[in-house]
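Each value in this text was obtained by applying a stated rule to the coordinates, not by laboratory testing. Given the structure is predicted, the values throughout are model-derived calculations rather than measurements. Note: ideal-geometry Cβ built from the backbone for every residue, glycine included; neighbour counts use all protein chains shown.
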Amino acid sequence: FCALFSPDEWLSFEYYFDMKYYYEFGYGNNLSPSLGMPWLVTSSDLLHPHPSSGKTKDQDVYIAVAHREMPPLILSALGLYN
């Protein structure tokens with residue numbers, strides 16, 4: 001499969017997705033950190049419940065499903081995807 005495309009075509013493909021993720025889900029979009037923050041807050045609440053919330057930590061495992069676009073938003077919210 002890889003031989004179907006030239007090295008320049010692969011580099012162009014990589015560059016396209018670098019730009020796509022930067023401007024859609026990374027720091028190129030001012031909303032990215034704000035969009036990733038609710039996921040971080042919810043994950044933090046699940047892992048470290050606050051005594052005042054009345055929630056107890058009665059589960060040992062949590063399953064979270066995210067789209068492939070979610071990690072860049074989360075990394076932007078954490079200030080790591082720069």
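Details
- Coupling constants for region 5-13 follow from the phi torsions by the Karplus curve (6.51 cos²θ - 1.76 cosθ + 1.60, θ = phi - 60°), and in residue order they are 10, 6, x, 5, 5, 5, 5, 5, 4 Hz; glycine and proline get x.
- Neighbours of Phe25 by Cβ distance under 12 Å: Lys/Arg scored +1, Asp/Glu scored -1, total -1.
- Counting Lys and Arg as +1 and Asp and Glu as -1 over every other residue whose Cβ lies under 14 Å from the Cβ of Cys2, the net charge comes to -3.
- With the highest mean first, a sort of the peptides 21-33, 1-13 on other beta-carbon atoms found within 10 angstrom per residue produces 21-33, 1-13.
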